[in-house]
Amino acid sequence: MAVPKRKTTPSKRNMRRSHDAIKSLNIIEDKDSGEPRLSHRIDLSTGMYNGRQILKPKNKTDN
């Protein structure tokens with residue numbers, strides 16, 4: 001059975017846990033539509049990504 005030879009110091013323990021924090025989402029306002037979206041994602045309301053039309057825009061009348 002693996003048993004540590006020495007007690008882990010609080011400094012080493014906290015360094016190990018430094019990457020465990022919850023990351024916040026990078027929500028930006030779209031330049032064209034003004035709606036919030038995640039960066040590096042397609043704007044679903046307009047279908048634009050990086051200045052190009054990728055998808056057909058969503059219409060509220062289409063179901």
Carbon + sulfur, % of accessible area of the chain - ligands and nucleic acids excluded, 1.4 Å: 54
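With an 8 Å Cα cut-off and a minimum separation of 6 or more residues, compute the relative contact order for the chain in percent. Could you put the intermediate results ahead of the total?
Values: 43 pairs, mean separation 9.6, N = 63.
Computed value for the chain: 15 percent relative contact order.
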Loop-located trypsin sites (Lys or Arg not before Pro) in segment 1-30, at most 12 other Cβ atoms within 10 Å (DSSP): K5, R6, K7, K23
Considering amide H positions built from the backbone, and no H for Pro or chain starts, which residues 5 or more places from D43, or on another chain, come under 5 Å of its amide H? M48
Can you list the lysines whose alpha carbon is less than 27 Å from that of K56, not counting same-chain residues fewer than 8 positions off? K31
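How much of the calculated P(r) for the chain lies past 17 Å, in percent of all Cα pairs? Don't skip to the end; give the middle numbers.
Details: 1220 of 1953 pairs.
So the pairs more than 17 Å apart make up 62 percent of the total in the chain.
The values are calculated or read from the model by the stated rules, or taken from the named source; none is laboratory data. What you see is a predicted model, and the numbers here were worked out from it, not measured in a lab. Cβ sites come from the backbone with ideal geometry, for glycine too, and all protein chains shown count toward neighbours. Calculation scope for accessible area: heavy atoms of the full protein, side chains included, ligands and nucleic acids excluded. Shrake-Rupley method; radii C 1.70, N 1.55, O 1.52, S 1.80 Å.
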